[in-house]
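Q: This is the structure I have questions about; it appears just below.
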Protein chains: 2
Amino acid sequence: MKSVRLARYFPILDWGRNYSRDTLSADMLAAIIVTIMLIPQSLAYALLAGLPPVVGLYASILPLIAYAIFGTSRTLAVGPVAVVSLMTASAAGAIAAQGTSEYLEAAITLAALSGVMLAVLGLLRLGFLANLLSHPVISGFITASGILIATSQLKHILGISAGGDNWPEMLSGLASAIGETNPWTLVLGIAATIFLFWVRSGAKPFLEKVGLSPRAATMTAKAGPVLAVIATIIAVITLDLASRGVKLVGAIPQGLPPFTVPSVDPGLIAQLWVPALLISIIGFVESVSVAQTLAAKRRQRITPDQELIGLGASNIASAFSGGYPVTGGFARSAVNFDAGAQTPAAGAYTAVGIALATLFLTPLLFNLPIATLAATIIVAVLSLVDLKTPVHLWHYSKADFTAHIATIGVTLAAGVELGVIAGVGTGLLLYLWKASRPHAAIVGRVPGTEHFRNVERHHVFTMPEIVSIRVDESLTYLNARWLEEFVLERVAERPELQHVILMFSAVNSVDASGLESLEAIAHRLTDGAIELHLSEVKGPVMDRLADTGFVKELSGKLFLSQADAFSTIAAQVEATKDGDPFQTCYVI
Amino acid sequence: MKSVRLARYFPILDWGRNYSRDTLSADMLAAIIVTIMLIPQSLAYALLAGLPPVVGLYASILPLIAYAIFGTSRTLAVGPVAVVSLMTASAAGAIAAQGTSEYLEAAITLAALSGVMLAVLGLLRLGFLANLLSHPVISGFITASGILIATSQLKHILGISAGGDNWPEMLSGLASAIGETNPWTLVLGIAATIFLFWVRSGAKPFLEKVGLSPRAATMTAKAGPVLAVIATIIAVITLDLASRGVKLVGAIPQGLPPFTVPSVDPGLIAQLWVPALLISIIGFVESVSVAQTLAAKRRQRITPDQELIGLGASNIASAFSGGYPVTGGFARSAVNFDAGAQTPAAGAYTAVGIALATLFLTPLLFNLPIATLAATIIVAVLSLVDLKTPVHLWHYSKADFTAHIATIGVTLAAGVELGVIAGVGTGLLLYLWKASRPHAAIVGRVPGTEHFRNVERHHVFTMPEIVSIRVDESLTYLNARWLEEFVLERVAERPELQHVILMFSAVNSVDASGLESLEAIAHRLTDGAIELHLSEVKGPVMDRLADTGFVKELSGKLFLSQADAFSTIAAQVEATKDGDPFQTCYVI
């Protein structure tokens, strides 16, 4: 029993128990392929985050081991990713200049804060907060981030210096420095970019044509970035490009990640908690969606709240080993999956691979041009830019389109943090606006039946003294006041009105504000000498309403069916009319 | 045509057209009664706001005229109110010390900002934002404000100096200064408080007993505060209480309100916009609920979005005439209504009454003790404290109870601004939590019928290869991811599953995120070799889904009825089983 409970927080206890030799060799193979892919990617994303390249390697060691212990996905590969790297650059850049020790400290502190936030959200089971990011907001944010990231790397392809946190700043920075373009860097950068684009699209068919199996072709194509790294290093050495002004990665410290302690300076934390929260949520959403996609392919499951704990542990591990915020990445997880990884142990083996690279390979990367890394990033992120979604959204839902475009616009114009906030805000505002205007219909009886339908759409029978209102939504505080206004408006329109019937067939719940509004409606109708009746109240709703003053003091009656309500009240109205009650015949 | 459109923004054009002599005399009578009530109240609320008493009078002149032009309620009386005065004191107190010109400037700027915000919200028809304040949050806030206000006035009853923005600060301030209590002030304050409590409860029966009609008794009782003012002024003069340390109102500047220009200092606006927004929303909610209550009694209507414009105009008028934030008050509006006011013109006549008082009566108020005003406030606000609501909420809804208690707790402990924010935040969080976990049920066929019911509540027929999921809520971005998890969990539980049927009978709409999730579900099921079918999709939902890739690429079929879906698929499953398809007989 105890081990079951423990296994909830340590999924490793679950899969680790049945670990076999076959699983080991499958995991090892996947780890080797992912390691090869991850080395250039880690360096490149550290560059994007404005950090020394080695920090990208550090962020790809301990975090993977932490995820292997706490994560629930069998195949997710965590580490530095493009969007989170951009957000790190934006947040740390607000604290200090790139290259300073304060900047590095800010990045490490972001990982620590984000780790703690993710873990706390997971322990409190608050994963649902990620729902605040709707699909249109996420896809808008990813598109805009892709554009920002690609633009931010153009300076490395051109070999110039330029900065900026948003698109206008970046573009004007590029424009003013474009005269200083280094031609060698440009040629090398463009060549690497074209090669990597080809690797992405044309390499697989080519490899299949020369005889590789489809799976081997796919795996070999993933080594494209490593090939670009090797080729450009050779070009730098043979053509002596360093002396021609091509910027290189330079000396990378050799050795395992250092033990670092994140800052607990309250001032720094006060400045970083908002970006850390945004990084946490964006990272979580990206990671969970990748993990779910892969889990479904093998009919496995992930647990989103435990995923929060897994990613939290990864980020805390990153902070204590000189790294920066990490999350589950799409490309590397897909490679891990396709390469046949069976358990999170593959991630741990990848960590060993990266650690070995940090120990022995870094001197070989001295001559690696920055432009090659920039080309890697540009090719990777341009696939994030999605121009079809706005078109689809425009046709499908104007509200969702608005949230999407607002997110893209604010992200490009004012940077990633305000972009996310604007997206969440716009989405919530539109949702609340809709939720505060639910549907309700005045209904009347379809002649010859016991059915009641909307008077605006059907030829139905009604009486001027009675109005039947079908409420098509649960009553919550967001729409409670609307119901008051809706009912009182109908009353103000009809001086001859004597009875209001609220038909509750679609009301699944009534919160305290809804109840208050019902009481307010009842009081106001009583003040106007109008009786209020209810019909077709569902069982669970009735259970809660039964004990309240509203039902106890109701001026009218409770009816099980709307047909019964209408006929009973209609007869009562007829009976109280002056003269012969049968004078007007309403039978249809 | 044009006048109709104009009348929407200037309701005065509507009721002003038919203004008769009878209406005039009714309005005049009501105005006289409200004026008498308003003079001590205006002075008292200005004191509560930490402003010179005359500012309360200024805030009761032009704002009333502006509301008469733009407001839609026939009987709402605007002016200074208790809760908004407390909020003003809290916001201005963060800028400067009471009694300084900066403090007054901050109060005037608050009125201007609040006026502009209200008017803009009205023009943009954003009144629904007030829905964010649920009934439990509002009542919690009002209760806590009542306690804070009453506590803040105790120092005037004791004749000591004490401060504080929250309850702990106020109580410790009172405790440390209680030794300096002025006995004359205390006696006078307690006497006034007891008298005013009696006026509120026992005066009406007494006056009826001595021969007044019920209506006259009610109206006379409303003059109680004026009587207290006159009696204590006489006591001060005859007993020479000024020399015994009883604090007096002192010299009030005589004359009409000055023309003031609110500050446009960006620094001040940056500090004040949040409290101004909270004041606007709280004031609007209070005012609209009063206006709706009164309008319903005469079967009239108010227009909430136009009310925003009316209150906005009132606050702007207040800012330009040396006043502070105002809104529609409950007590004075009820008096206005009961006194027979027919049109907003009554408010304009009240403004004239207050202007006359400002011109001629202020010298008479020199000897008015501050303690009398404090007693007026205490008696008025203690009726705001509502201890029954938490008990009702506890029984009715734990979520609403939580929001209520959080609002009271944070308001008392940390002041009004954080209190409102905490209440809105808690309410929204609980709502989103609930919205992200909607109801769905696995359903099966009730034997011998075409009905499908929840498998957990009914004995129904199901098949291991098919799962039918009834979705009981519209799909929005808040619950879209939940549906993905719900479906994939069911799939992970059942290795023999071949078909998923989503029964959409209760789905009224699907937003873009819901559509994305449906597509994700479809892809993941296809990856797992499971077919996805839909049944009972409503017309409007189908209209939108029809053009999407989701429906075009659906692996399974669309069925009009769930019964049809289940029987068709069950037959298909049987047919594909090995051996005799009729081997197992599932007919029930």
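The values are calculated or read from the model by the stated rules, or taken from the named source; none is laboratory data. These numbers were taken from a predicted model, which means no experiment stands behind them. Virtual Cβ from ideal backbone geometry, glycine too; neighbours counted across all protein chains shown. Side chains are part of the model used for accessible areas, which takes the heavy atoms of the whole protein and leaves out ligands, DNA and RNA. Shrake-Rupley method; radii C 1.70, N 1.55, O 1.52, S 1.80 Å.
Q: Filter segment A:521-535 down to residues that are open to solvent by 60 Å² or more (accessible area, probe 1.4 Å) and in a helix (DSSP H, G or I) and give me whichever is farthest from the other protein chains (Cβ to nearest Cβ).
A: Among those residues, the one meeting the criterion is A:T526.
Q: So for segment A:505-513 (the condition being touching an Asp or Glu at 6+ places or on another chain (Cβ under 7 Å) and at pLDDT 85 or above), does at least one residue qualify?
A: There is at least one residue in segment A:505-513 that is touching an Asp or Glu at 6+ places or on another chain (Cβ under 7 Å) and at pLDDT 85 or above.
For (1) among the polar types (S, T, N, Q); (2) closer than 30 Å to A:G189 by Cα; (3) within 14 Å of chain B (Cβ to nearest Cβ), each residue gets a yes or a no:
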| site | (1), (2), (3) |
| --- | --- |
| A:N336 | yes, yes, no |
| A:A374 | no, yes, no |
| A:H404 | no, no, yes |
| A:L428 | no, no, yes |
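Q: Turning to a different aspect of this structure: Looking at this structure, is A:L121 of a type in the set (A, V, I, L, M, F, W, C), farther than 30 Å from A:F360 by Cβ and open to solvent by less than 10 Å² (accessible area, probe 1.4 Å)? Spell out the reasoning first.
A: Numbers: of a type in the set (A, V, I, L, M, F, W, C): yes; farther than 30 Å from A:F360 by Cβ: yes; open to solvent by less than 10 Å² (accessible area, probe 1.4 Å): no.
It is false that A:L121 is of a type in the set (A, V, I, L, M, F, W, C), farther than 30 Å from A:F360 by Cβ and open to solvent by less than 10 Å² (accessible area, probe 1.4 Å).
Q: May I ask you to verify whether B:S314 is at pLDDT below 90, assigned to a helix (DSSP H, G or I) and in the same structural domain as B:D240 (by TED's automatic domain parsing)? Write out each step before concluding.
A: Numbers: at pLDDT below 90: no; assigned to a helix (DSSP H, G or I): yes; in the same structural domain as B:D240 (by TED's automatic domain parsing): yes.
No; evaluated as a whole, the condition is false for this residue.
Q: What is the one condition in (1) surrounded by fewer than 21 Cβ atoms within 10 Å (Cβ to Cβ); (2) within 12 Å of chain B (Cβ to nearest Cβ); (3) modelled with pLDDT of 90 or more that A:L518 does not satisfy?
A: With (1) surrounded by fewer than 21 Cβ atoms within 10 Å (Cβ to Cβ); (2) within 12 Å of chain B (Cβ to nearest Cβ); (3) modelled with pLDDT of 90 or more applied to A:L518, the lone miss is (1).
Q: Which condition from (1) open to solvent by 10 Å² or more (accessible area, probe 1.4 Å); (2) touching an Asp or Glu at 6+ places or on another chain (Cβ under 9 Å); (3) modelled with pLDDT of 90 or more is the one that A:L104 breaks?
A: (2)
Q: Only residues that are out of contact with any helix residue (DSSP H, G or I) (no Cβ under 6 Å at 6 or more places or on another chain), open to solvent by 80 Å² or more (accessible area, probe 1.4 Å) and in a loop (DSSP other than H, G, I, E, B): list them for segment B:241-253, please.
A: B:A251
Q: Using beta carbons and a limit of 9 Å, which pairs, at least six apart or on different chains, have the first residue in segment B:503-527 and within 30 Å of A:V471 (Cα to Cα) and the second one among the charged types (D, E, K, R) and part of a strand (DSSP E or B)?
A: B:M503/B:R470; B:F504/B:R470; B:S505/B:R470; B:A506/B:R470
Q: Anything in segment A:486-515 that is more than 10 Å from every other protein chain (Cβ to nearest Cβ) and of a type outside the set (V, I, T)? List them, or say none.
A: Within segment A:486-515, A:F486, A:R490, A:E496, A:Q498, A:H499, A:L502, A:M503, A:F504, A:S505 qualify.
Q: Just the residues that are within 23 Å of A:L126 (Cβ to Cβ) and either open to solvent by 10 Å² or more (accessible area, probe 1.4 Å) or over 19 Å from the mean Cα position of the chain (by Cα) (or both), please, taken from segment B:398-419.
A: Selection gives B:K398, B:A399, B:D400, B:F401, B:T402, B:I405, B:A406, B:G409, B:V410, B:A414, B:L418.
Q: When residues of segment A:195-228 are filtered for being part of a loop (DSSP other than H, G, I, E, B) and of a type in the set (K, R), how many remain? Step through it out loud before you land on a result.
A: Here is the first cut: in segment A:195-228, the ones part of a loop (DSSP other than H, G, I, E, B) are A:202, A:210-213, A:223.
Now narrow it down to the ones that are of a type in the set (K, R): none.
Final tally of qualifying residues: 0.
Q: On to the next question. Conditions first: (1) part of a helix (DSSP H, G or I); (2) surrounded by 22 or more Cβ atoms within 10 Å (Cβ to Cβ). B:Q572 passes all but one, so which condition is the exception?
A: (2)
Q: Of all residues in segment B:216-233, which are out of contact with any Pro (no Cβ under 7 Å at 6 or more places or on another chain) and of a type outside the set (V, I, T)?
A: The initial filter retains those residues of segment B:216-233 that are out of contact with any Pro (no Cβ under 7 Å at 6 or more places or on another chain), namely B:216-224, B:227-228, B:230-231, B:233.
Selection gives B:A216, B:A217, B:M219, B:A221, B:K222, B:A223, B:G224, B:L227, B:A228, B:A231.
Q: Which of the numbered conditions does B:D547 fail, given that it passes all the others? Conditions: (1) within 8 Å of chain A (Cβ to nearest Cβ); (2) closer than 12 Å to A:Y396 by Cβ; (3) buried (at least 18 other Cβ atoms within 10 Å of the Cβ).
A: The one condition B:D547 does not meet is (3).
Q: Within segment B:482-510, which residues are within 21 Å of A:S505 (Cα to Cα) and open to solvent by 20 Å² or more (accessible area, probe 1.4 Å)?
A: B:S505, B:A506, B:N508, B:S509
Q: Residues to consider are B:K538, B:K577; find the one that is at pLDDT below 90 and away from chain A (no Cβ under 14 Å). Spell out how you get there, then give the answer.
A: On the way: B:K538 fails: away from chain A (no Cβ under 14 Å).
After ruling out the rest, the residue left standing is B:K577.
Q: Okay, moving on. Tell me, which helices (runs of 4 or more DSSP H) lie completely within segment B:34-119 with 2 or more residues that are within 19 Å of B:L278 (Cα to Cα) and of a type in the set (S, T, Y)? Outline the logic, then answer.
A: Numbers: elements: B:53-58, B:62-70, B:82-93.
Ranges flagged: B:82-93.
Q: Restricting attention to segment B:254-270, and to residues there that are under 15 Å from B:L104 (Cα atoms) and surrounded by 13 or more Cβ atoms within 10 Å (Cβ to Cβ), which single residue is nearest to the chain's Cα centre (by Cα)?
A: Taking segment B:254-270 and keeping what is under 15 Å from B:L104 (Cα atoms), we get B:257-265, B:268-269.
Remaining after also requiring surrounded by 13 or more Cβ atoms within 10 Å (Cβ to Cβ): B:257, B:260, B:262-263, B:268-269.
On the way: B:P257: 30, B:T260: 30, B:P262: 27, B:S263: 28, B:L268: 26, B:I269: 24 Å.
Applying the filter and picking the extreme gives B:I269.
Q: Same structure again: Here's a check for you: in segment B:440-453, which residue that is open to solvent by 20 Å² or more (accessible area, probe 1.4 Å) and assigned to a strand (DSSP E or B) is farthest from the other protein chains (Cβ to nearest Cβ)? It would help to see each step written out before you state the result.
A: Of all residues in segment B:440-453, those open to solvent by 20 Å² or more (accessible area, probe 1.4 Å) come to B:442, B:445-451, B:453.
Filter once more, keeping what is assigned to a strand (DSSP E or B): B:442, B:445, B:453.
Details: B:I442: 17, B:R445: 22, B:R453: 14 Å.
Only one residue tops the list, namely B:R445.
Q: Follow-up question, since we're still on this one. Which numbered condition in (1) surrounded by 24 or more Cβ atoms within 10 Å (Cβ to Cβ); (2) in contact (Cβ under 8 Å) with a residue 12 or more places away in the chain is the only one that B:A357 fails?
A: Going through (1) surrounded by 24 or more Cβ atoms within 10 Å (Cβ to Cβ); (2) in contact (Cβ under 8 Å) with a residue 12 or more places away in the chain one by one, B:A357 breaks only (1).
Q: Can you tell me which residue in segment A:384-397 is nearest to the chain's Cα centre (by Cα), limited to those that are more than 14 Å from chain B (Cβ to nearest Cβ) and open to solvent by 50 Å² or more (accessible area, probe 1.4 Å)?
A: The initial filter retains those residues of segment A:384-397 that are more than 14 Å from chain B (Cβ to nearest Cβ), namely A:384-385, A:387.
Filter once more, so that each one left must be open to solvent by 50 Å² or more (accessible area, probe 1.4 Å): A:384, A:387.
Values: A:L384: 14, A:L387: 18 Å.
Among those that are more than 14 Å from chain B (Cβ to nearest Cβ) and open to solvent by 50 Å² or more (accessible area, probe 1.4 Å), it is A:L384.
Q: Filter segment B:162-182 down to the residues that are over 21 Å from B:A91 (Cα atoms) and touching a residue at least 12 places away in the same chain (Cβ under 8 Å) and list them by number.
A: B:L174, B:S176, B:A177, B:I178, B:E180, B:T181, B:N182
Q: If I filter segment A:466-478 for residues that are touching a helix residue (DSSP H, G or I) at 6+ places or on another chain (Cβ under 7 Å), assigned to a helix (DSSP H, G or I), facing chain B (nearest Cβ under 10 Å) and without any contact (Cβ under 8 Å) to a residue 60 or more places away in the chain, do I get at least one hit?
A: Scanning segment A:466-478, I find at least one residue that is touching a helix residue (DSSP H, G or I) at 6+ places or on another chain (Cβ under 7 Å), assigned to a helix (DSSP H, G or I), facing chain B (nearest Cβ under 10 Å) and without any contact (Cβ under 8 Å) to a residue 60 or more places away in the chain, so the answer is yes.
Q: Related question: Which residue is surrounded by the fewest Cβ atoms within 10 Å (Cβ to Cβ), if the candidates are limited to segment B:420-439 and must be under 12 Å from B:L132 (Cβ atoms) and small (G, A, S)?
A: Per the stated criteria, the residue is B:G425.
Q: Being of a type in the set (D, E) and surrounded by fewer than 19 Cβ atoms within 10 Å (Cβ to Cβ) is the filter; apply it to segment B:454-478 and report the residue that is farthest from B:A492 (Cα to Cα). It would help to see each step written out before you state the result.
A: From segment B:454-478, those of a type in the set (D, E) are B:456, B:465, B:472-473; that's our starting set.
This time we only want the ones that are surrounded by fewer than 19 Cβ atoms within 10 Å (Cβ to Cβ), so: B:456, B:465, B:472.
Working: B:E456: 19, B:E465: 13, B:D472: 22 Å.
Within segment B:454-478, the match that is farthest from B:A492 (Cα to Cα) is B:D472.
Q: Within the set of pairs 6 or more residues apart or between chains, which connect a residue that is among the acidic types (D, E) inside segment A:320-347 to a residue that is open to solvent by 10 Å² or more (accessible area, probe 1.4 Å) with Cβ atoms less than 9 Å apart?
A: A:D338/A:I33; A:D338/A:R215; A:D338/A:T218; A:D338/A:M219; A:D338/A:K222
Q: Between B:G211, B:G163, B:G179, which is assigned by TED's automatic domain parsing to the domain that holds B:T238, on the phi > 0 side of the Ramachandran plot and open to solvent by 20 Å² or more (accessible area, probe 1.4 Å)? Step through it out loud before you land on a result.
A: Working: B:G163 fails: on the phi > 0 side of the Ramachandran plot; B:G179 fails: on the phi > 0 side of the Ramachandran plot.
Exactly one residue qualifies, and that residue is B:G211.
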